[in-house]
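Each reported figure results from applying straightforward, stated rules to the coordinates on display, with no laboratory input. Nothing here was measured: the structure is a model prediction, and the numbers come from that model. Cβ sites come from the backbone with ideal geometry, for glycine too, and all protein chains shown count toward neighbours.
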Amino acid sequence: MRVLVTGASGYIGSILSKNLSEKGYFVKAIISKGKVQGLYQSKYIKYFEVNKSDSIKDWKTIFTDIDCVVHCAGLNQSPRGILASKKLDILRKNNVSLSSNIINYSAESGVKRFIFISSIKVNGEKTEKNVFFNNKQPPNPKDSYAQSKCEAEINLKKIASRKNIELVIIRPPMVYGSLESNPIKKLIKIIGYGFPIPLKLVDNLRSYIFIDNLIDFIGVCISHPKAINQTFLISDGRDISTPDLIKLIALLQEKKVKLIPFNLKVLKLLASFIGLKSTFDKLVTSNRIDTSHAFNELEWRPKVKIEEGIRKMLGLG
C-alpha cells in the first residue's frame, strides 16, 4: 500500500507517517520547508519539502503511484493580529482551497481513496451533558476554523462524487498525547503548582481521543471497504468530567489535589479578562461524541483507554 500524508511535519501527520512506515507501507510525506530535521527516518518514507508560497501545481508529481491520501495539513487558527473579517479568508485558503486542490490532483493521478482529517467543531462547540454529537446531524460550526472545515467537507464531497474517488471524513475531538499547548497541559501545570483548583462545581462530560487511537483508526480507514464515503466521529470511548480528569492526572502523578467550589459565572468573567475564555469553556462545558457508527461499521475499538493515554502523555509508561 502506498500512502501520501500531507502535513507530515505536524503532530498528527508526523506520527501517522512513522506508524505507517513501521507497518511496511510506502509513505510519501509532504512537510514544510526546513522541517525534516528530527523527523523519523526510514527507507519506507520519502519526504517532500514545500514552501507555503509554492503553487499547489508544484506538488502534482508527488501524487503519482499513490493508493491513498491522508490529508492532515491545514490551519487551526488564523494568525494573531489579523482583522476578524480577514480570518475566515485565511482559513479558507489553507483549509478549503488547499484540500480541494489536493483531492483534485489525487483523482487525476489515479488515487483511489482520500481521507480528510476534519474536526468535531464542525458539529458544534458543546452538547448538553446527556446529549451526543453524531454523524447524522447537520453541521453547526461556531467559529471561523469550524466554518472552514465544514466548507472543506462540502467541497470534498462534491469533488469526490464528480471524480469518482473514495472519500473518508474523520472528525476527532481534542487529541491528546503530547505536552503541547492545550487545556489538558494547563491542568497538568496547575496540578503541579499544588494550588486549590476552583472547578469542583463543574458538572460536565467530554470526549477525548489519544493520539495512538486516532492513528490506529486512520490506519483502518485506509483500506476498510466499509469506510468509503463515510463520516466518522471517534473518541476513546469513555467520556470524562473535568473534575475526574484532574483527579486522574493527580493520581497518576502521585500528587495531592484539592478541588474547591467557586461560582462558575464569576470564574468565566475572570478567564475572559485574562484571555483564557476558550480554555475555560473547554474545561466546563460538555462535548460528547456518539462513536457507534465507527464501532458498528468498521468494528473498530480504541486500543488505549484514557487512563493509559494520560499515563503515556505524562511520560509514566
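Observations, loosely collected:
- Computed packing ranks the peptides 293-304, 60-71 as 60-71, 293-304, most packed first, by mean other Cβ atoms within 10 Å.
- Extension gain (nm, one decimal) between Thr279 and Ser109, 0.36 nm per residue minus Cα-Cα: 57.0 nm
- Segment 133-188: GluC sites (Glu not before Pro) in DSSP loop, at most 12 other beta carbons within 10 Å: Glu180
- For a straight C-alpha distance cut-off of 24 angstrom, the lysines reachable from Lys265 (same-chain residues fewer than eight places away being disregarded) are Lys121, Lys126, Lys129, Lys142, Lys185, Lys186, Lys189, Lys200, Lys247, Lys277, Lys282.
- DSSP-defined beta bridges in the chain - what % are antiparallel, rounded to 5: 5
- Counted charge near Val27, where neighbours are those whose Cβ lies closer than 14 Å (Asp, Glu -1; Lys, Arg +1): +3
- Among the trypsin sites (Lys or Arg not before Pro) in segment 134-181, those placed in a DSSP loop whose Cβ has at most 13 other Cβ atoms within 10 Å are Lys136, Lys142.
- Between Lys93 and Glu254, the FRET efficiency from the beta-carbon distance, with R0 = 41 Å, is close to 0.30.
- Subtracting the Cα-Cα distance of Lys43 and Asp65 from 0.36 nm times their residue separation leaves 6.3 nm of extension gain.
- Backbone N under 19 Å from the Asn263 label point (7 Å along Cα→Cβ), restricted to segment 184-210: 197-203
- Partner lysines whose Cα lies under 19 Å from the Cα of Lys43, excluding those fewer than 8 positions away in the same chain, are identified as Lys18, Lys23, Lys28, Lys35.
- Put simply, when 238-246, 211-219 are sorted by average Cβ atoms within 10 angstrom per residue, most first, you get 211-219, 238-246.
- Amide hydrogen neighbours beyond the local backbone of Leu199, cut-off 5 Å, H modeled: Ile260
- Per-pair calculated FRET efficiency, R0 = 22 Å: Val36 and Leu75 via Cβ, rounded to 0.05: 0.60
- Relative to the longest principal axis of the Cα atoms of the chain, helix 183-193 runs at roughly 40 degrees.
- Cβ-Cβ FRET estimate between Lys200 and Val131, R0 fixed at 30 Å, reported to 0.05: 0.80
- Structure-derived percent of Cα pairs over 32 Å apart: which label, when the choices are (1) 29; (2) 44; (3) 34: (1)
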